[in-house]
Structures are given as structure tokens and as C-alpha cells.
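The structure appears right after this line, and notes come after that.
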Amino acid sequence: MTDVVMGRVTPEQVRAVLDEVHDPEIPVLTISDLGILRDVEIVGDLVLVTVTPTYSGCPAMDTIRADIRRVLQERGLACEVRTVLAPAWTTEWMTAAGREKLQAYGIAPPRPTRSGPVDVPLGLRGIRCPQCTSPDVAELSRFGSTSCKSLWRCNTCREPFDHFRAH
Amino acid sequence: MTSSLGVDLDASRYVLRLADDALILGQRLSEWAVSSPALEEDVALLNIALDLLGQARHLLTHASELEGRGRDEDSLAFLRDEPEFSCALLVQVDNGDFGKTIARQLLVSAFHVHLWRALARSTDEVLAAIAAKAVKESDYHLDHARHWTLRLGDGTNESHARIQSGLDAVWPYVHELFERDDLVERLLERGIAADPEALLPLWRQTVTEVLSEATLDVPDVSWRPTGGRSGQHLTGFGYLLAEMQHLHRSHPGATW
């Protein structure tokens, strides 16, 4: 638990506190792993937190905003959570740590959406089965249990798995 | 609080049209829940409906701010009556069979992809941001519709006949999407709206390419029903609203 005192709090301390806020549907990911935490600013006695939704209709956003307010209020920090749509969120903003956590959790992480240097670990650039790491996989359905996922199957171990689609 | 400085009734009416299209199409697609041809299609159609609902919420909130009358997204969605809705007729057409739903999805998604791409350059910055987000989602919806159109059109005699008949049924309603009325004219001058006449050739190219690959015929019909933008809707629209609105109206102010 990070100790913070209003008046001397830094954006870095606030970010550390916000690492307690997870995606309610993919609880291994923090909001900064996902790349939806866009900015933290301290203005006087107020912490301004800016988030960007993954999908227009993502139902997790309401919970995420409420969780941000809760963890900051628990530290006695007054905050305002802003939702900003532009620039639109992309899976490019997901951190390398986030991608590794996803794979370990059983969800194949998103592939890079553009060429050039990207912050994606080498082993995670193609879709691999999160159970047995086989690259011999096939898409079952382009839509999955949430807007951000599609459904795949491993041809080696025959297990179905979710893939976080590039967006 | 909405500042009266931001009030812009023309822009509000235009954004409300976009919101109503997304909201009502999302509601129509939701009717497929637990009755799609396959479990994966339930998930697909409802994910698309969820994207549309999300877009509608952002658009309704923006329309509300531009209107400045204190009607929030819920008031606009649940407390307006039929004539106050300005959705196009195409999005309210009944689902019919899966072929008809896919035909409608192809025509609407192709329209949305080009519309959002154009509106991402709107001088209304909020609208531009909503559009930039929506275009990625609509691309995926179009991909879904394209995939099914090819599979059904170039499939069995039965699937071909079904989607062709669905296409024939929904085609006349397309023309309304490209109407350029006084409101659009005024907003075009201000760089807020997308030009329907510029969207038409883009839309036509996208759709005819898919239809030709799917061995389907472009319907040849001269009937061009219209009226949705001015609140004159199809017969089934009232039933759709009744289902969508009754919970909110029966329990005013209820929260989860």
C-alpha cells in the first residue's frame, strides 16, 4: 500500500495507487497494462485521471471509473475521472508486461497492428496457444466473450482459447 | 451542467440522427439473442449490438449537450415517442431470417464505415472523436457481414435464395441514408456533417464488390421509401420502442 499525503502527492505515486485498479473482466491486467490510463495530473487538491475506453460499448468502463475513485478516496485523495475518446485506444498501447500476463492467464495477446519497432516480446508476435505454446492454431469465431476477444482453438493440444484481438 | 454557450440545435439534431441509427439497429440486432443459427452468431450479433449501443450512448450524450435542455442519454433513449425519433427506416426493418439480417448488416455497415471515416474529419471535435473510435468497430462489423454474405451468396441454392431475397427486401430503404436535406446542407457549410453525395459512390463500390464476389444481384427497384428522419416510421417501430422503453418507463429513476 502506497502512502500518499494530499498536497505532496506526485503523479507517480498516484499511478502506483492506480495499479490496484484492474480490468474487471480480465483481472490480471491493470488499467495501465491495458493502456487505457492516459494521464494523471495534480491540480491543486485535485487528482485528474484521464482514461480512454477500449470499445465504445465496453461495459467495464463504468466499473473502472468507480474503482479509480474508490482507491484514491481510500487514500484521502479527491479526484476527477475524465473519459477522453481521442486519440482512439489501440492495442498498441498495451504494455509488454500486460501481454505477458495475458498469455500466462490463458488469453493470447494482440498481435502488433503496424510494422516497425513495437514493444512486443518476440515470442508473442504471432498467436500461440496459451496452454501449450504451439503456433498451430485456428480461429473459431471472430467474436468472443467480450468485445475485445475472438475465439480460437489449438490444433496441437485441442484446447479452445481466447485471443485479445488487435484493434 | 451544460453551458448554454455550447447550444447548437442544428448539430444536435444531426448527432441525434446518428445516435438513433446506432441505438435502433443495436436494439434490432439484440432480438437475435438465443435465436441465432449458431452460438457463435449469438455472440457476434450481440457484440455488434453492444458496439452500436456504446456509440449511441456517446452520440446521445453529445446531442444532449448540444441541445442544452437537460435531457440526458436515458431521457433521449427512453422517454421520446415514435415521431421524435429520427432513425432511418433501414435500421428499423424487421430482422426477417438470418439472410435478411446479414443483407441489412452489409448495407448499413458499409455505410457506417464510410460515414465515420468522413466524420472523423468533422469540425465538431467531439463528433470527430466518436467517429474515429466507431470506424474501427464498423470495419469489423463490415467484415462480419462480408464474410456471411460470401458464405450465403456463394453457398447452397437455399442460402443464395434467402440472402438474395433479404437483399431485395432491404435495398429500397438504402436511398434514405444518402438524402441531403436542409439540415445537412447547413451543417456541410460548417464542416460538421458528412456529405451524403460523396459517400454514395464509396458505399456503392464497397457493396457491389461484395455482392459480385458472392454471386448476388444488385437489386433493381425504383421504390424509395423515406420519412424516418422526420419521424415517420415503419409499422413495427412502435413495438420495438415499447420493448426497449417499457422497463425505464414503468420504473422511473430505478437503478441497478
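Read-outs: derived from the displayed coordinates by stated rules, not from any lab. This one's a predicted model, so the numbers in the text were calculated from it and none came from an experiment. Here the Cβ positions follow ideal geometry from the backbone for every residue, glycine too, while neighbour counts run over all protein chains shown.
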> For A:Glu92 and A:Arg70, what is the calculated FRET efficiency with R₀ set at 30 Å and r taken between the beta-carbons, to the nearest 0.05?
Replying inline: 0.55
>> Counting other beta carbons within 10 Å of each residue's own, what order do B:Val43, B:Val221 fall into, fewest first?
In response: B:Val221, B:Val43
> Can you list the HN-Hα couplings for segment A:50-59, worked out from phi with the Karplus curve (6.51, -1.76, 1.60; θ = phi - 60°), rounded to whole Hz and with x for Gly and Pro?
Replying inline: 10, 10, 10, x, 5, 10, 3, x, 4, x
> Distance in nm between label sites at B:Glu243 and B:Ser159, each 7 Å beyond Cα in the beta-carbon direction?
Replying inline: 2.6 nm
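Can you tell me, using C-alpha contacts under 8 Å and at least 6 residues apart, the relative contact order of chain B as a whole percent? Mind showing how you got there, number by number?
Details: 352 pairs, mean separation 62.9, N = 256.
Here the relative contact order equals 25 percent.
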>> Cut-off 15 Å, label point 7 angstrom out along Cα-to-Cβ of A:Asp39: give me the residues of segment A:52-92 whose amide nitrogen falls inside.
In response: A:52-53, A:80-89
>> I need the phi-derived Karplus couplings for segment B:161-176: 6.51 cos²θ - 1.76 cosθ + 1.60, θ = phi - 60°, integer Hz, Gly and Pro marked x.
In response: 5, 5, 6, 5, 5, x, 4, 4, 6, 8, 3, x, 6, 5, 4, 4
>> If amide hydrogens are placed 1.01 Å from N in the peptide plane, which non-local residues have theirs closer than 5 Å to the one on A:Phe161?
In response: A:Trp152, A:Arg153, A:Cys154
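From the convex hull of the Cα coordinates of segment B:1-124, what is the mean projected area in square nanometres? Please report the intermediate quantities before stating the final value.
Working: hull surface 32.7 nm².
It is 8.2 nm².
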> How far apart, in nm, are the 7 Å Cα→Cβ label points at B:Thr123 and A:Leu48?
Replying inline: 2.7 nm
> Against the longest principal axis of chain B, how steep is helix B:39-67, in degrees 0 to 90 to the nearest 10, with axes from Cα atoms?
Replying inline: 30 degrees
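Per residue of the protein assembly as shown, what 222 nm ellipticity follows from adding -39500 (n - 2.57) for every DSSP H run with n ≥ 4, rounded to the nearest 500? Can you show the working numbers first?
Details: 13 runs with 199 residues, N = 423.
One gets -15500 deg cm²/dmol as the mean residue ellipticity at 222 nm.
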> Using θ = phi - 60° and the Karplus form 6.51 cos²θ - 1.76 cosθ + 1.60, what ³J(HN,Hα) does each residue of segment B:22-30 get, whole Hz, x for Gly and Pro?
Replying inline: 5, 4, 6, 5, x, 5, 4, 4, 4
> Once you list every other residue whose beta carbon is under 13 Å from the beta carbon of B:Ala11, what net charge do they have if Lys and Arg are +1 and Asp and Glu are -1?
Replying inline: -3
>> Please compute the length gained on full extension between A:Arg8 and A:Glu25, using 0.36 nm multiplied by the number of residues separating them and subtracting their Cα-Cα distance.
In response: 2.8 nm
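Using DSSP, restrict attention to beta bridges with both residues in the protein assembly as shown and report what percent are antiparallel, rounded to the nearest 5. Please report the intermediate quantities before stating the final value.
On the way: 17 of 25 bridges.
Of all bridge pairs located within the protein assembly as shown, approximately 70 percent are antiparallel.
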> Non-local amide H neighbours of A:Lys149 (under 5 Å, H modeled in plane, Pro and chain starts lacking H): which ones?
Replying inline: A:Gly144, A:Arg165
>> Taking the Cα of B:Glu179, stepping 7 Å toward and past its beta carbon, and measuring to each backbone N in segment B:200-237: which are under 18 Å?
In response: B:200, B:222-237
>> To test your reading of the geometry: what angle, between 0 and 90 degrees and rounded to tens, separates the Cα axis of helix B:196-213 from the longest principal axis of chain B?
In response: 30 degrees
> Where is the GNM fluctuation largest for chain B (alpha-carbon springs, 10 angstrom cutoff): B:Trp171, B:Trp116, B:Trp223?
Replying inline: B:Trp223
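Nearest 5 is fine: what % of DSSP beta bridges in chain A come out antiparallel, could you say? Please list the in-between numbers first.
Numbers: 17 of 25 bridges.
Looking only at bridges with both residues in chain A, the antiparallel portion is about 70 percent.
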> Hey, how many Å between the Cα centroid of segment B:10-77 and the Cα centroid of segment B:151-206?
Replying inline: 19 Å
> What percent does the relative contact order of chain A come to when contacts are Cα pairs within less than 8 Å and at least six residues apart?
Replying inline: 18 percent
>> Please report Rg (one decimal) and Dmax (integer) in Å for the Cα set of the protein assembly as shown.
In response: 22.7, 73
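Rounded to two decimal places and with Rh computed the Kirkwood way over Cα pairs, what is Rg over Rh for segment A:33-167? Present the calculation step by step, with values, prior to reporting the outcome.
On the way: Rg = 17.2 Å, Rh = 16.4 Å.
That ratio equals 1.05.
Quote the FRET efficiency, to the nearest 0.05, computed for B:Leu79 versus A:Asp136 with a Förster distance R0 of 60 Å and r equal to the Cβ-Cβ distance.
Working: r = 54 Å, r/R0 = 0.90.
The calculated FRET efficiency here is 0.65.
Evaluate the charge dipole of segment B:156-234 about its Cα centre and quote only its size in Debye, nearest 20, assuming +1 on the Cβ of each Lys and Arg and -1 on the Cβ of each Asp and Glu.
Details: 7 positive and 14 negative charges, 40 e Å.
Taking the Cα centre of segment B:156-234 as origin, the dipole is about 200 debye.
Out of all DSSP beta bridges in segment A:11-83, what portion is antiparallel? Express it as a percent rounded to 5.
DSSP beta bridges in segment A:11-83 are roughly 55 percent antiparallel.
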> Out of B:Arg180, B:Arg17, B:Arg146, any idea which swings most in a Gaussian network model of chain B, alpha carbons joined below 10 Å?
Replying inline: B:Arg180
> Anyone know which of B:Val91, B:Val126, B:Val184 comes out most mobile in the 10 Å Cα GNM of chain B?
Replying inline: B:Val126
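Going by how many other Cβ atoms sit within 10 Å of their own, how do B:Phe78, B:Phe85 line up, fewest first? Provide the component values of the computation, followed by the final result.
On the way: B:Phe78 15, B:Phe85 24.
So the residues, fewest neighbours to most, are B:Phe78, B:Phe85.
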> What is the set of long-range amide H partners of A:Val47 at a cut-off below 5 Å, with H atoms built 1.01 Å from backbone N?
Replying inline: A:Ala78, A:Cys79, A:Glu80
